[in-house]
Amino acid sequence: MPASHRPKPLCHRSMLFLFWNRHPSRMKKIIICCTLLLVVILFMVHKEKNSDPLLSVEELDKLVQELRGGDLRLMRWNAKKHTRRRQSDGMCDDYLSEALRTITFSPSSAAQGLACELATFCITDNPTQRSRLEDNHSTAITKLVGSKNSHTAAMASHLIYIASFSNQQNQQGFFHAGAITQLAAIVKNNESSKLAIMWSAAALQNLAASYCNTKGDGRCYWGWKKENDIVLVIDPKMEVVSDGDAIRKEILADSDLIHALKNLACLGPIRGEMTEENPYVGQNAKIGGVHDNSSNIAAWAATGALKNLALEPKARPLIEEDNMLRCICRLAYSPDWLEENKGQGALHHLRPSDPCRFHDNDNKKGQLCVEDLFVDKDGYTCIDYVAATKQECLAKSEHGITAEKACCGCGGGNPEK
């Protein structure tokens, strides 16, 4: 037979199609068996991976010390050179996974606390490592916030604080895992350790924030429009990539939590000269000693939480009642830069201009007068009425409030008695 007339062999696809048509039930059984076999293989791989020995307390402590490199700051707002070098040389590529596995599966709360600390060192100032957390990790870390081991609870809260910064998946993951309830329970409980209270309030701060597409930063920069004295607005050029609106609303629904945060904020500012017995949390406070239990360490974190809650217009009356602005004014001029930073940020979100007028205004000392919210028809605020005439003080805001009533420079405001 000429080659041109010979039947062409069926390709594998055609043969498979033919077999399917002739034996459909047998083919379905083969597919089911193959699927089950694949599931079993994947399960065995997962089981083998997670049956590896977890890191021990001793191993974790050694790794933490290696990453720490002598950095004993209680409040680490950045990664020091040694830690950055260990991050960049690949130490965290493997050990972060091990730490997260220990957090998730270890029966030892001590090991879980150290694993949280190890993870925190790995992700500080490192968005790439920070993005390796998954939803199951958020759930496991959130659960640890309620640990009976106070150090573990503090380190889990610290990890939430670091991991939720400028990372939508982590911020929303902790929120949906119930982190607000767990963190609030620590803040509201006077029996909680001071270190756990500080990190829980700090975690609430970063969870309540909104984050933007600002290069190398992630922060949103907020401002006031002069023609509007009640709504805080964002620069339209900035895109919000992770919105804390729903988180802020959940926090604000807990009046006891708001009360607790305000009480903590009013513990500040730190008074007196900086010493080992009177630590400044932003400067010389060290972890692992008496500073962990200092009454100085929580005010900055609570004020930071109130600062971000103030992004919600409905939050302002709740924050400002009970003369709370007096505490925030004092914090805004604290000798400790960290308290000052959070106090200034809170004022910025609550007022279009600084409402704090001190008797000794040059040194920000002495009797304090706090101004009410006031913006006149031309966009001027109370700070522009410091040396106003009696006639000028009769000017009104769009809500009908006069400068004479709202502004300290005109004899109004809320002076201390």
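Each value in this text was obtained by applying a stated rule to the coordinates, not by laboratory testing. These figures come from a predicted structure and were not determined experimentally. When we count neighbours, we look across all protein chains shown, and the Cβ atoms used for this are built from the backbone with ideal geometry, even at glycine.
Can you tell me the length gained on complete extension of the stretch Thr139 to Leu72, counting 0.36 nm per residue apart and subtracting the Cα distance?
21.3 nm
Based on Cα contacts under 8 Å between residues 6+ apart, segment 54-355 shows a relative contact order of 15 percent.
For Leu325, Leu207, Leu159, which order do you get if you count the other beta carbons within 10 Å of each Cβ and list the fewest first? Please list the in-between numbers first.
Numbers: Leu325 23, Leu207 26, Leu159 31.
So the residues, fewest neighbours to most, are Leu325, Leu207, Leu159.
If each residue's Cβ is checked for other Cβ atoms within 10 Å, how do Tyr333, Tyr280 rank with the fewest at the top?
Working: Tyr333 18, Tyr280 24.
Ranking Tyr333, Tyr280 by Cβ neighbours within 10 Å, fewest first, gives Tyr333, Tyr280.
Each of Glu321 and Ser353 was given a label point 7 Å from its Cα along the Cα-to-Cβ line. The distance between the two points is 2.9 nm. When the C-alpha to C-alpha distance is required to be over 27 Å, the pairs from Lys80/Lys249; Lys237/Lys314; Lys143/Lys194; Lys143/Lys188; Lys215/Lys286; Lys194/Lys364 that qualify are Lys80/Lys249; Lys215/Lys286; Lys194/Lys364.
Ranked by Cβ crowding within 10 angstrom, fewest neighbours first, how are Tyr380, Tyr95 ordered?
Working: Tyr380 19, Tyr95 24.
Final ranking by Cβ density, sparse to dense: Tyr380, Tyr95.
Of the GluC sites (Glu not before Pro) found in segment 245-353, the ones in coil according to DSSP and having at most 12 other Cβ atoms within 10 Å of their Cβ are Glu273, Glu276, Glu277. Dividing the helix sum by the residues of the chain, where each DSSP H run of 4 or more adds -39500 (n - 2.57), gives a mean residue ellipticity at 222 nm of -15500 deg cm²/dmol.
Anything in the chain that counts as a DSSP H helix reaching 27 Å or more along its axis (C-alpha) with Kyte-Doolittle mean of at least -1.0? List them, would you?
On the way: long enough: 24-50 (39 Å, 0.89).
Result, helices passing both filters: 24-50.
Taking a straight line from the alpha carbon of Lys417, these aspartates and glutamates sit under 15 Å away, with near neighbours fewer than eight places off in the same chain left out: Asp322, Glu371.
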